[in-house]
Amino acid sequence: MTILDKTVDDGAVLSEATAGDYLELMKPRVMSLVVFTAFVGMVAAPGALNPFVAAVSVISIAIGAGASGALNMWYDADVDAVMSRTASRPVPSGRILPEQALAFGLVLSTLSVMTLGVFVNWLAGAMLAFTIFFYAVIYTMWLKRWTPQNIVIGGAAGSFPPMIGWAAATGAVSLESVILFLIIFLWTPPHFWALALFKSGDYQRAGIPMMPNVAGETSTKRQMFGYSIALAVAGVLPSILGYAGVAYGVAAAALGVGFVWYALQVLLMPQEDRAMRPAKALFGYSLLYLFAVFALYLADCVAARMFAGQLAAVGVGS
């Protein structure tokens, strides 16, 4: 049996889920990326970062991201069960019952939104609520099974964290936070379509209309290349618009060139190459790219604040 359960005297079935299973239900790797990009948005926002606001915001956003993951795994248990990449997840493997995953996701959603709204501000709370709704309902329940543009449109859900972080710190949004949103938004299609290329059999069996299965490899690779060029440009926008320094701009440009180069290798990849090494390489590099760009942006913001503080101290001393 794949379902780990036990039957009590009244016939009810209880899953033997562990704390690790519930943590897996929250998609911790995705959650960590969400938290990191949201934190960068908070640090980049103008004004002093209140430690209490920062702590509550980070925890709430993390819980909200985990709630989205739990609701996604609850609804997608049927397709997860037939895909090699996801068959061992807690719900399809039977370690957590579907109703438990649903209840867990709903409780975490309510807790995260209310905490962020009450203790930080309601703009940030509303944006977190919309993000959870967009990912769990618009993407998971509708777009994912309906259109090959699921990743493009649904990618907005994963792009909101920097804006939520900015809103948590300032009670508003800005063009700078929108640019951070844009970087993640443009990164999402080539990142996930690279995965879809070498996992197309999984998506075919599950009946998910991913781009390679619907439009074909050639069209997918061309679109990936186009998005990669747009991403490389978006990555240097903070420097061009004066939100970040020259050092960030140079490093981001180099990372963007690398992304385009990997995408070009995918574009030139022969269709008979079933090993899909260029697609796998792009998928790996895309993870490095997003982390590196946001880490560089964070470092630039911290350095700029420290330099401004030193100037202020010199001015006061004189």
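Values in this text are rule-based calculations from the coordinates and carry no lab data. Small disclaimer: the values here were computed from a predicted structure and weren't measured. Using ideal geometry, Cβ is built from the backbone for each residue, glycine included, and neighbour counts are taken over all protein chains shown.
Here are a few things to note about the model shown:
- Residue ranges 291-301, 59-69, 196-206 sort as 59-69, 291-301, 196-206 when ordered by packing (mean number of other C-beta atoms within 10 Å per residue, highest first).
- Cα pair count fraction exceeding 17 Å, expressed as % - region 102-158: 43 percent
- Rough spin-label spacing in nm, given labels placed 7 Å along Cα→Cβ, for Glu16 and Arg305: 4.8 nm
- Relative contact order (%) - criterion: Cα under 8 Å, at least six apart; region: the chain: 17 percent
- Residues listed by number, region 271-309, amide nitrogen under 17 Å from Ser84 label point at 7 Å toward C-beta: 273-281
- Förster-model FRET efficiency, 30 Å R0, Ala103 and Phe130, C-beta, rounded to 0.05: 0.85
- Structure-derived P(r) over Cα pairs in 20 Å bins from 0, in percent: which label, when the choices are [x] 31, 60, 10, 0; [y] 30, 55, 14, 1, 0; [z] 33, 62, 5: [y]
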